[in-house]
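Here is the structure we will look at, set down as structure tokens.
The values are calculated or read from the model by the stated rules, or taken from the named source; none is laboratory data. Remember, predicted model here, so these are calculated numbers, not experimental data. Cβ atoms come from the backbone with ideal geometry, glycine included; neighbour counts cover every protein chain shown.
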Amino acid sequence: MSESKPLDFTAFRERIGDLRGKEYWRSLEELSRSEAFDEFFQSEFPQQALALSRGVDRRSFMKLMGASVALAGLTGCRPPQETIVPYVNQPENLIPGRPVYFATAMPLSGYARGVLVESHMYRPTKIEGNPEHPASLGATDAFTQASILGLYDPDRSQVVRKMGEISTWSEFVAALQPVLAEARSNPAGVRLLTQTITSPSLGAQIQQLLAQYPGIRWHQWEPVGGHALREGNRLAFGSYLNTIYDFTRASVVVSLGSDFLDEGPGHLRYARDFSSRRRVRQGMDGGMNRLYVIESTVSSTGSVADNRLPVRPSEIEAVGRAILAALDGTAAPAAAHGEFIASLARDLQANRGASIVVPGEEQPPVVHLIAHAINQALGNIGTTVQVIDSPEVAPVNQLQSLRELVTDMNAGVVSSLIILGGNPVYDAPADFDFRGALGKVAFRAHLGLYNDETSLLCHWHIPETHYLEAWGDARAYDGTATIMQPLIAPLYNGRSAHEILGALLGGLDTSSHGAVRGYWFGRGATEASWRRWLHDGVVSGSAPAPRAAAVSTAVPAPVEGNGVGIEIEIRPDPTLYDGRFANNAWLQELPKPQTKITWDNVLLMGPRTAEQIGFGAEERSKLFNELKTRVAEVEYQGVRVQLPVWVVPGHAEGAVTVYLGSGRAFGGKVASGAGTNIYPLRRSSAMQGGGGARITLTSRSPYPIGCTQEHQSIDPKVVGERGIVREASYETYLRDPAFAQTPPHGEVVAGLEHRNESLYPPFVYEGHAWAMVIDTTVCTGCNGCVVACQSENNIAVVGKDEVVREREMHWLRIDRYYKGDPENPQVFHQPVPCMQCELAPCEPVCPVEATSHNEEGLNDMTYNRCVGTRYCSNNCPYKVRRFNFFGYSDYETPALKAMRNPDVTVRTRGVMEKCTYCVQRINHARIEAEKEGRRVRDGEVVTACQQACPTQAIVFGDMNDPQSAVAQLKKEPVNYALLGELNTRPRTTYLATIRNPNPELVKAATADAEHH
Amino acid sequence: MAQIFHRSANTLARVTIFGAVFIAGFVLWVIGGIVRSPYFTNQNVHREQPVQFSHRHHVGGLGIDCRYCHTSVEESSFAGIPPTSTCMNCHAQIWTNAEILEPVRASFATGRPIVWNRVHRLPDFVHFNHSIHVAKGIGCASCHGRVDRMNLMYQAEPLTMEWCLRCHREPEKYIRPREEVFNMEYVPVNQKEVGPKLVQQYAVRKLTSCSTCHY
């Protein structure tokens, strides 16, 4: 194991100074170029360091081998006998073997994201975005994609439990009767606790309950559903209104701590709209938009910013005030970041009515007020910023709502508590001591997807239906309602909130279908409109009209004393959200967008802060190639939590970030034990954290981290020399559109002058020639494509221990590169699927022809031929092949069998696999086209990654068709191939990243650098 | 020192060395034979079924079209196995008391499906699509044999990859006019001339790349 040395800033600076021209790096470890790192990278198969985590002695090896030979002899003789079970009465519109798509919506924190669900023989297998839904427009994010695994999750709660013992629904309904009796005599003792509700029908049921039993109280609690946003809008507009943004009309966008491209109920739509003004093409109309991001931790939005200003969380408010002041011209910009603010304000002034200032969901209310005051001053309200009534049924201050509940529970006022969804024992603010208060309630019932921390402490637990199992409705960020239709009968005897409320209302057999349908038919739905709404996935005309609203101009004076010492920022996890997805293995193993860490939450900090606390670089153990980091103790408001330290270039100094959602004590096999629980740090007075945290390194032994960034990646020496990342500013592009064609450093790499020559005659692709173009300018690194690929292609999950050994199976990885100063670098995202090289290096080395070329240019991978030599992976310059070192695919669990895509083989141990351009979709389209006697049309084959992408960064098609979108993009001057000089002729090419930084700030930065 | 081996060991050694080649060859030949044999491929093996359904009677005798039961053969990868209700279309009227049909009536009455034993099975890593083969003029009988003469269903062809490729490489030898696809009794006249014409007319491609079937 190498010795941990402190971060050496002079070395970083020297190295960056040494770099010829542009240099890109993926991690500080790489930048420092330590010997250990070089050694790690030089090792031929780092992932093969040791096959098994524990050694195997000779005796057990012989036993195992003997057994497997004997078993192979027994079972390998004949193919198994299978049965076919047809229907008794086949449904009318079902064609066995052909999927059907149903429109519904996935609610997250109450808000709907419209989806189309692929159903094979009424088995949902894949989630796609609904192009007609305003919050999706066809795109999906990682949460939505992974929710299909959430449906089939074998760890979901499966039975009604009374005091932990198996019970029945009818017994529960009987047990509700005394509660109802009490609701008449002592209504104040009966409480309902729900999550955020936008469902009109559920809202109506609750209102009916409150009317039937006046005095019952309804509380709402959602740990990260925008408390600050709600209060901020109330502060700004005087009541609970919502703001929605139109990024298609904004030339300048300023984010005050907002991750609007990857967070919040409208982020898919926002990402689409935002990218529509960012796609730089030859002959485009109008210029490129410009994004300023002022934030602490590096978010997806911040990573694609044109100008990013890292500030401590408490400073965001001050920067907002300074912008407002600069716009008024009433005050000179404060000294701190004066240049940035002045330039930004000038830019905003020049784009009145065509700019947006977005406050972060988690920012304090006053930041929302300031942001909207700026929007008002610029005349953006009513143009790029619309104000609508909140889509929520009853927007309240949820913190206050929960506080009242806890106070009443502690006072012994509450006798019955019915919790409809959520996990407050885990995620309520620590100072509320919800756990303790809950113990004082005589009747506690919990409806939830999992047997979790809350259900353990409740008398009754009812398994909840997944959103794909029950009828429902929900509103999107803009208020558009969707009727949610079930795709499958409840797998695990689940009940919906509608049914529980139905039981409370006295209807013994209220179905969720009846409740939802009843609501909408009571409001003018007809059979025809109902069917149309179900078909389209949206209720037409249900979005509220924008309303006029004036922003309060009374901005309260700043509160002093915030942000002393090291500030801590508490954020929802980018892949686990508030912890509700903690048992979803796809999301646990999904590399976090910025850090690429899987299966863990860490303490994120900037390099200088790390230096201050005495943290050295991460370590690598030579034996396993494990990346290990030291553990620090965070003390915040008297609570201590130990977390592994992780240095993020670009993180604001003097501040640290932690993610909620990990460290679940109970709630499924996957969730339990992964990461550390952050909720104990979260107090009602500081939901998003604050100043005064103390960080000290502990003497605990270094902690292994499954960080995928350095895994299976391109040699760092090649990255700079060969121009893996090609980027320029918009100004440069306008001057020299072909900048990406110039070889890096303006010189041809020695020996590669004859790079396009071949001894063989060129192969002519006469039919289709499938190809892909990835626009790195609009890629935000959000990971939607990665999970979409996993879901479409039945990709296995390997677990943390295997990720640490570099054996993750994702066919599509998103490489993240940095450029420049470690304290505020530029970030580049580069999704890397199989390049489908025309002259593929993997093919000639396969001894069994398991990988071969087809006549449409696909680099086929034939699993059943593969014998696992791994020569192909060794010879792949892009490192896109994945090997099943063990039997990672679960062949046993019945529920997971039902989840898989029947069109894709489930791979077993010892088999190589890789991206196939979704060849199952190509084949499907080809068969349909040939049956109709035509060619496959452009846009008919959509790969899973392309379909999911919110910014439409991925374009796929036939490059032999000159009219196709992909052929057009290949003609763009910014189109380039990765490692093109190797003459692999990759079919996947990239459009170089173009950023549009404010020229004033670029000049200032250059002058600054020269000055030093 | 006395010789360890007798002189005859020389001959034995020579025979063994030469023989080894033949023995290895023989072993490979035997293995090759076994994997192509009905023992492995289930070719010509009759499958017992819960209902002794006779294709010979229904197809050959009564002349029911394949698509009456296998409804999705022209639109889907899967030809479809008829639901119990399809049987009952007729058997609610005729042979209503036949003992042999008891499982069908029971299924219809109880709603429990009939569990058939699969006859034609491809491994999970092979993706076969019925609809495109039917559309391109490959007759049912080309792969399934003379179903109209089978009492109990059996697999008439080996369904090995070698067998698939025979047609994928030379479709002109097996193709027939589209209108004859469902005709069990079709006998090609002058296939050598008709075949290539049909291949051209139907734009049949010789798809032999791995990802045609394996993905």
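Take A:Gln946 and decide whether it is at pLDDT 90 or above and either surrounded by fewer than 17 Cβ atoms within 10 Å (Cβ to Cβ) or within 14 Å of chain B (Cβ to nearest Cβ) (or both). If you could, list the steps in order and put the result at the bottom.
Values: at pLDDT 90 or above: yes; either surrounded by fewer than 17 Cβ atoms within 10 Å (Cβ to Cβ) or within 14 Å of chain B (Cβ to nearest Cβ) (or both): no.
It is false that A:Gln946 is at pLDDT 90 or above and either surrounded by fewer than 17 Cβ atoms within 10 Å (Cβ to Cβ) or within 14 Å of chain B (Cβ to nearest Cβ) (or both).
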Problem - segment B:85-103 - residue that is buried (at least 18 other Cβ atoms within 10 Å of the Cβ) and more than 30 Å from B:Thr41 (Cβ to Cβ) and, of those, nearest to the other protein chains (Cβ to nearest Cβ) - result: B:Met88
Practice task
State the number of residues belonging to segment B:160-215 that are in contact with a helix residue (DSSP H, G or I) (Cβ under 6 Å, 6 or more places away or on another chain) and among the aromatic types (Phe, Trp, Tyr).
Solution key: 4
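Quickly run through segment A:85-126 and pick out the residues that are of a type in the set (Gly, Ala, Ser) and within 14 Å of another protein chain (Cβ to nearest Cβ). Walk me through how you get there before you give the answer.
Step one: of segment A:85-126, the residues of a type in the set (Gly, Ala, Ser) are A:97, A:103, A:105, A:109-110, A:112, A:114, A:119.
Within segment A:85-126, just A:Gly97 meets the criteria.
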Exercise for the section: Tell me, please, whether a residue that is surrounded by fewer than 16 Cβ atoms within 10 Å (Cβ to Cβ), without any contact (Cβ under 8 Å) to a residue 12 or more places away in the chain and among the charged types (D, E, K, R) can be found in segment A:161-173. Expected result: yes
Fill in the blank from the handout: Among strands (runs of 3 or more DSSP E) completely within segment A:133-241, the ones holding 1 or more residues that are aliphatic (A, V, I, L, M) and touching a helix residue (DSSP H, G or I) at 6+ places or on another chain (Cβ under 7 Å) are A:160-162, A:190-194
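With respect to B:Ile81, determine if the residue is of a type in the set (Val, Ile, Thr) and either closer than 18 Å to B:Val181 by Cα or more than 14 Å from chain A (Cβ to nearest Cβ) (or both). Steps first, please.
Numbers: of a type in the set (Val, Ile, Thr): yes; either closer than 18 Å to B:Val181 by Cα or more than 14 Å from chain A (Cβ to nearest Cβ) (or both): no.
No, not satisfied.
Conditions tested, residue by residue: (1) closer than 15 Å to B:Glu180 by Cα; (2) at the interface with chain A (Cβ under 7 Å from one of its Cβ atoms); (3) over 14 Å from the mean Cα position of the chain (by Cα); (4) surrounded by fewer than 17 Cβ atoms within 10 Å (Cβ to Cβ).
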position: B:Thr110; (1), (2), (3), (4): no, no, yes, yes
position: B:Asn117; (1), (2), (3), (4): no, yes, yes, yes
position: B:Phe128; (1), (2), (3), (4): no, no, no, yes
position: B:His133; (1), (2), (3), (4): yes, no, no, no
position: B:Lys136; (1), (2), (3), (4): yes, no, yes, no
position: B:Ser142; (1), (2), (3), (4): yes, no, no, no
position: B:Asn151; (1), (2), (3), (4): no, no, yes, yes
position: B:Tyr154; (1), (2), (3), (4): no, no, no, no
position: B:Glu157; (1), (2), (3), (4): no, no, no, yes
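Select, from A:Glu940, A:Glu928, the only residue that is without any contact (Cβ under 8 Å) to a residue 60 or more places away in the chain, out of contact with any Ser or Thr (no Cβ under 7 Å at 6 or more places or on another chain) and within 10 Å of chain B (Cβ to nearest Cβ).
A:Glu928
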Handout entry: Subset of segment A:862-901 [within 14 Å of another protein chain (Cβ to nearest Cβ), closer than 29 Å to A:Gln830 by Cα and either in contact with a helix residue (DSSP H, G or I) (Cβ under 8 Å, 6 or more places away or on another chain) or of a type in the set (Phe, Trp, Tyr) (or both)]
Key = A:Thr862, A:Tyr863, A:Asn901
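Does segment A:687-701 hold any residues that are buried (at least 19 other Cβ atoms within 10 Å of the Cβ) and either more than 23 Å from A:Pro572 (Cβ to Cβ) or among the hydrophobic types (A, V, I, L, M, F, W, C) (or both), and which are they?
Initial filter on segment A:687-701 (buried (at least 19 other Cβ atoms within 10 Å of the Cβ)): A:688-691, A:693, A:695.
Within segment A:687-701, A:Ala693, A:Ile695 meet the criteria.
From B:Phe18, B:Phe26, B:Phe22, B:Phe5, grab the single residue that is away from chain A (no Cβ under 14 Å), within 29 Å of the chain's Cα centre (by Cα) and surrounded by fewer than 12 Cβ atoms within 10 Å (Cβ to Cβ).
Numbers: B:Phe18 fails: within 29 Å of the chain's Cα centre (by Cα); B:Phe22 fails: within 29 Å of the chain's Cα centre (by Cα); B:Phe5 fails: within 29 Å of the chain's Cα centre (by Cα).
Just a single option satisfies the conditions, and that option is B:Phe26.
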Exercise for the section: Answer yes or no as to whether A:Cys842 is outside any loop (DSSP other than H, G, I, E, B) and either within 14 Å of chain B (Cβ to nearest Cβ) or buried (at least 21 other Cβ atoms within 10 Å of the Cβ) (or both). Expected result: no
Problem - Out of B:Val147, B:Val194, B:Val199, sole residue that is within 14 Å of another protein chain (Cβ to nearest Cβ) and either at pLDDT 90 or above or surrounded by fewer than 16 Cβ atoms within 10 Å (Cβ to Cβ) (or both) - result: B:Val199
Fill in the blank from the handout: The condition from (1) surrounded by fewer than 22 Cβ atoms within 10 Å (Cβ to Cβ); (2) within 18 Å of A:Ala175 (Cα to Cα) that A:Leu491 misses is numbered (2)
Completion exercise
Every listed condition ((1) over 23 Å from A:Val919 (Cα atoms); (2) of a type in the set (A, V, I, L, M, F, W, C); (3) surrounded by fewer than 20 Cβ atoms within 10 Å (Cβ to Cβ)) holds for A:Val867 save (1)
Exercise for the section: Output yes when any residue across segment B:40-47 is more than 24 Å from A:Gly97 (Cβ to Cβ), within 12 Å of chain A (Cβ to nearest Cβ) and among the hydroxyl-bearing types (Ser, Thr, Tyr), and no when none is. Expected result: no
Problem - Odd one out for A:Lys970 among (1) among the charged types (D, E, K, R); (2) surrounded by fewer than 22 Cβ atoms within 10 Å (Cβ to Cβ); (3) within 11 Å of chain B (Cβ to nearest Cβ) - result: (3)
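Being of a type outside the set (D, E, K, R) and under 19 Å from A:Gln612 (Cβ atoms) is the filter here; which residues of segment A:624-640 pass it? Before you say what the answer is, go through the steps one by one.
Let us first name the residues in segment A:624-640 that are of a type outside the set (D, E, K, R), namely A:624-625, A:627, A:629, A:631-632, A:634, A:636-639.
A:Thr629, A:Val631, A:Ala632, A:Val634, A:Tyr636, listed by residue number.
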Completion exercise
Among (1) closer than 30 Å to A:Pro359 by Cα; (2) aromatic (Phe, Trp, Tyr); (3) more than 39 Å from the chain's Cα centre (by Cα), A:Tyr213 falls short only on (1)
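When the residues of segment A:110-132 are narrowed to those that are of a type outside the set (Ser, Thr, Tyr) and in a loop (DSSP other than H, G, I, E, B), which ends up farthest from the chain's Cα centre (by Cα)? Don't jump to the end; show me each part of the working.
Step one: list which residues in segment A:110-132 are of a type outside the set (Ser, Thr, Tyr), which gives A:110, A:112-118, A:120-121, A:123-124, A:126-132.
Then keep just the ones that are in a loop (DSSP other than H, G, I, E, B); that gives A:110, A:121, A:130-132.
Values: A:Gly110: 17, A:Met121: 29, A:Asn130: 18, A:Pro131: 19, A:Glu132: 22 Å.
It comes out as A:Met121.
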Practice task
Restricting attention to segment A:750-785, report how many residues are within 14 Å of chain B (Cβ to nearest Cβ) and modelled with pLDDT under 85.
Solution key: 1
Problem - Answer from A:Ile488, A:Ile483 - the residue that is farther than 30 Å from A:Pro546 by Cβ, β-branched (Val, Ile, Thr), in contact with a helix residue (DSSP H, G or I) (Cβ under 8 Å, 6 or more places away or on another chain) and in contact (Cβ under 8 Å) with a residue 40 or more places away in the chain - result: A:Ile488
Fill in the blank from the handout: Checked against (1) farther than 27 Å from A:Leu603 by Cα; (2) buried (at least 19 other Cβ atoms within 10 Å of the Cβ), A:Asn307 satisfies every condition except (1)
Completion exercise
Restricted to segment A:845-860 and to residues being facing another protein chain (nearest Cβ under 10 Å) and crowded, with 21+ Cβ neighbours inside 10 Å, the residue farthest from A:Ala992 (Cα to Cα) is A:Ala850
Fill in the blank from the handout: Every listed condition ((1) in contact with a Phe, Trp or Tyr (Cβ under 6 Å, 6 or more places away or on another chain); (2) surrounded by fewer than 18 Cβ atoms within 10 Å (Cβ to Cβ)) holds for A:Gly97 save (2)
